[in-house]
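I have placed the structure first, in the form of structure tokens, so that the comments after it can refer back to it.
The values are calculated or read from the model by the stated rules, or taken from the named source; none is laboratory data. All of these numbers come straight from a predicted model, not from anything done at the bench. Here the Cβ positions follow ideal geometry from the backbone for every residue, glycine too, while neighbour counts run over all protein chains shown.
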Amino acid sequence: MLNRIEDLGEDVVGFEAEGVVTAKDYEEHLVPAIEHVIESGVQPRLLYVLGPSFERFDIGAAFADAKVGLSHFSDFERIAVVTDRDWIEHAVRAFGVLTPSPVRTFEYESLDDAKAWVSDHIKNEFQLEVERDGDTAHIHVKLQGSLDRKAEDELISAVKAGIGDAAEVRVLVEASDFHGWSDLRALWQHIRFIAGQRAKLERVAIVGDRTWQRRLAASAKHILRLEARFFDEGKLREAQAWLKG
């Protein structure tokens, strides 16, 4: 069964699973709660707690869970899953790599931290700083939240202006608070722009905390033949030193 968690805010949908969770639990409780928030015009935030009293999903619930994920693939602003089960944590992390919204797991004893994180609002924005060193443009981008097509257009225009007539470009991207693109068209715009600037790009450093960001840097290195490198959050100075090296 699914029990509603109250006092989380109007845009936060919270449920704790107990015993055996069925498809009926999804149909009567979880799905209507999610769709109610969407109909109000805001992105829902999901807190899903699978604590000590949770036993298992039945077959119908497993299909219902997948259906919710596919139907609302880009609808969530963020998702927090609380569990001490390793297999659930691994599954959530694998799912999180594919979703445009931030997905994070918490241990059951950190339930209060999960509630605080899922309720925290993140602005969708970027900041851009440009320095010139002769014919080289050093571009420092800070990304926060997620980018839609309009924001991606604005980012591309700002980067183009920063590049100007520079012969070489080195880019530092701070992405610890960045959760990706809100739709695939915005991501495609980004990829096309990077590919179009390939001749000028000397080095790209990405500082972040997510597996998909590391894979993005690896893809840029191997597919576009870019000198790209990923740095874990907290290693900004190391990234800056490598970029200038």
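Failed condition for G69, given (1) over 23 Å from the mean Cα position of the chain (by Cα); (2) within 18 Å of V92 (Cα to Cα); (3) modelled with pLDDT under 90; (4) not polar (S, T, N, Q), with all others met?
Unmet for G69, out of (1) over 23 Å from the mean Cα position of the chain (by Cα); (2) within 18 Å of V92 (Cα to Cα); (3) modelled with pLDDT under 90; (4) not polar (S, T, N, Q): (1).
Does G234 meet the test of being in a loop (DSSP other than H, G, I, E, B) and under 25 Å from E77 (Cα atoms)? Outline the logic, then answer.
Details: in a loop (DSSP other than H, G, I, E, B): yes; under 25 Å from E77 (Cα atoms): yes.
Yes: the conditions hold for G234.
Taking region 19-53 on its own, how many of its residues are of a type in the set (F, W, Y) and modelled with pLDDT of 90 or more?
Applying the first criterion (of a type in the set (F, W, Y)) to region 19-53 yields 26, 48.
With modelled with pLDDT of 90 or more added as a condition, the list becomes 48.
Residues that pass the stated criteria total 1.
List, please: which pairs have Cβ atoms under 7 Å, are six or more places apart or on different chains, and start with a residue in region 13-35 that is assigned by TED's automatic domain parsing to the domain that holds P52 and end with one that is among the polar types (S, T, N, Q) and in a strand (DSSP E or B)?
Sorted first by the residue in region 13-35, then by its partner, the pairs are F15/N3; E16/N3; E18/N3; E18/S53; G19/S53.
Would you pick out the residues in region 232-245 that are over 14 Å from S176 (Cα atoms), modelled with pLDDT of 85 or more and either loosely packed, with under 14 Cβ neighbours inside 10 Å or aliphatic (A, V, I, L, M) (or both)?
At the first step, the residues of region 232-245 found to be over 14 Å from S176 (Cα atoms) are 237-238, 240-245.
With the extra rule that they be modelled with pLDDT of 85 or more, the set shrinks to 237-238, 240-244.
The answer is R237, A241, L243, K244.
Going through L155, L184, L172 one at a time, which residue ends up being within 25 Å of D11 (Cα to Cα) and out of contact with any Pro (no Cβ under 8 Å at 6 or more places or on another chain)? Quick ask: steps written out before the conclusion?
Numbers: L155 fails: within 25 Å of D11 (Cα to Cα); L172 fails: within 25 Å of D11 (Cα to Cα).
After applying the criteria, what remains is L184.
Give the residues of region 126-145 that are surrounded by 14 or more Cβ atoms within 10 Å (Cβ to Cβ), at negative phi and within 21 Å of the chain's Cα centre (by Cα), sorted by residue number. Steps first, please.
Initial filter on region 126-145 (surrounded by 14 or more Cβ atoms within 10 Å (Cβ to Cβ)): 126, 128, 130, 136-145.
Cutting the leftovers down to at negative phi gives us 126, 128, 130, 136-144.
Answer for region 126-145, where residues must be surrounded by 14 or more Cβ atoms within 10 Å (Cβ to Cβ), at negative phi and within 21 Å of the chain's Cα centre (by Cα): F126, L128, H140, V141, K142, L143, Q144.
Look through R229, R210 and report the one residue that is over 21 Å from W181 (Cβ atoms) and buried (at least 16 other Cβ atoms within 10 Å of the Cβ).
Values: R210 fails: over 21 Å from W181 (Cβ atoms).
Residue meeting the stated conditions: R229.
Across region 155-166, what is the total count of residues that are loosely packed, with under 14 Cβ neighbours inside 10 Å and closer than 30 Å to A80 by Cβ? Outline the logic, then answer.
Quick first cut of region 155-166, residues loosely packed, with under 14 Cβ neighbours inside 10 Å only: 157, 160-161, 164-165.
Right, trim to closer than 30 Å to A80 by Cβ and you get none.
Qualifying residue count, region 155-166: 0.
Going by the structure shown, is S146 more than 26 Å from R192 (Cα to Cα) and of a type in the set (S, T, Y)? Break it down into steps so the answer makes sense when it comes.
Details: more than 26 Å from R192 (Cα to Cα): no; of a type in the set (S, T, Y): yes.
Against the criterion (more than 26 Å from R192 (Cα to Cα) and of a type in the set (S, T, Y)), S146 does not qualify.
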